[in-house]
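Visitor: Pasting a structure below so you can have a look.
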Amino acid sequence: MPLTDTGVRQAKPADKTYKVSDEKGLYLEVTPSGGKRWRLKYRFGGKEKRISLGTYPDTKLKGARKKRNEARDLLDEGIDPSAHKQAEKAAQTVAAATTFEAVAREWYETKHTQEVTESHAHRNLRRLERLAFPALGRRPIAEITAPEVLQVLRRVANQGHTETAHRVKALTGQVMRYAIATGRAERDVTADLRDALAPASTKHHAAVVDPEEVGPLLRAIESYCRKW
């Protein structure tokens, strides 16, 4: 008989792992510790095989049956569901390693921290975390366009921080060139933004000559650097 939601919920652990069958190769595996795993038994290439379809209660009976039907559809097309699942997982791993944030953090750890002081590298990472990652972090770095980067930079510049926008542009360019070197991008799109931002203005201030004013000045500079 097919399983029911009540039957799945009430399945109790025993001394040994056992299974409760549903339909079309789907069954619930119950372990001595009380764990419940959905599995599908099928044949491919003349061999009997099994594939995991999730755990209960994260995957309910209806969801397990849906996954079973999807696996059987693959079998109808001559595709091994287990191999298909492994290929999808591998593709997801590759995709996760090619996002802008993933490449930027790798660049930071393997290259940038070796080129500049620790405090300077940390400030640059914080700039990327606060100003670039929210919009670009999850995007595949090879798919990021110049207008996307410009939108990020303009958002910073419009807050009155044109110099910081130029810094973020430079950092983004370094990350993209690292992506090119490691085979995850083909070009640095920040090169197309050479004249897109207003130049950072340089303001000259009176020199601090009173020793008592040096401390507050240094604290103000440090606070600004931490923020931007």
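The values are calculated or read from the model by the stated rules, or taken from the named source; none is laboratory data. What you see is a predicted model; the values in this text were computed from it and never measured. Neighbour counts run over all protein chains shown; Cβ positions are idealised from the backbone, glycine included. These area figures cover heavy atoms from the full protein model, side chains too; ligands, DNA and RNA do not enter into them. Shrake-Rupley method; radii C 1.70, N 1.55, O 1.52, S 1.80 Å.
Visitor: Mind sorting out which of (1) 1, 6, 11, 11, 10, 8, 7, 7, 8, 8, 8, 6, 4, 2, 2, 1, 1, 0, 0; (2) 1, 5, 10, 13, 16, 17, 15, 11, 6, 3, 1, 1, 0; (3) 1, 6, 13, 17, 19, 16, 11, 7, 4, 2, 2, 1, 0, 0 is the real P(r) over Cα pairs in 5 Å bins from 0, in percent computed from the coordinates?
Guide: (1)
Visitor: Another question about this same structure. For the chain, find the longest principal axis of its Cα atoms and tell me its angle to the long axis of helix 211-227, 0 to 90°, nearest 10.
Guide: On a 0 to 90 degree scale, this one is about 30.
Visitor: Quick check for me: using +1 on Lys/Arg Cβ and -1 on Asp/Glu Cβ, what's the dipole size of the range 5-90 about its Cα centre, in debye to the nearest 20? Intermediate results must be reported in sequence, preceding the final value.
Guide: Working: 22 positive and 13 negative charges, 50 e Å.
Here the size comes out at about 240 debye.
Visitor: How far apart, in nm, are the 7 Å Cα→Cβ label points at Ala200 and Leu75?
Guide: Roughly 6.3 nm, to one decimal.
Visitor: Can I ask one more? Just subtract the alpha-carbon distance of Arg154 and Glu118 from 0.36 nm times their residue separation and send over the number in nm, one decimal.
Guide: On the way: separation 36, 0.36 × 36 = 12.96 nm, distance 2.80 nm.
Full-extension gain reported as 10.2 nm.
Visitor: Could you sort Arg65, Arg154 by accessible area so the largest value comes first, with the probe set to 1.4 Å?
Guide: Arg154, Arg65
Visitor: Classify the range 83-166: rounded, prolate or oblate, from the alpha-carbon gyration tensor (a ≥ b ≥ c, eigenvalue square roots; a/c under 1.5 rounded; otherwise prolate if a/b is larger than b/c)?
Guide: Note, shape of the range 83-166 comes out oblate.
Visitor: Still on this structure: At most 12 other Cβ atoms within 10 Å and a DSSP loop assignment: could you name the GluC sites (Glu not before Pro) in the range 1-106 that fit?
Guide: Glu23, Glu77
Visitor: With +1 assigned to the C-beta of every Lys and Arg and -1 to the C-beta of every Asp and Glu, and no other charges, what is the dipole magnitude of the range 109-159 about the Cα centre in debye, to the nearest 20?
Guide: 240
Visitor: Quick one: if the Förster radius is 35 Å, what FRET efficiency do Glu186 and Lys24 give, using the C-beta to C-beta distance and rounding to 0.05?
Guide: 0.15
Visitor: State to the nearest 20 debye the size of the charge dipole of the chain about its Cα centre, where the only charges are +1 on K and R beta carbons and -1 on D and E beta carbons.
Guide: Dipole size: approximately 1260 debye.
Visitor: Right, here's the next one. With the chain treated as a Gaussian network of Cα nodes joined by springs under 10 Å, which of Gly25, Gly46, Gly54 yields the largest mean-square fluctuation?
Guide: Gly46
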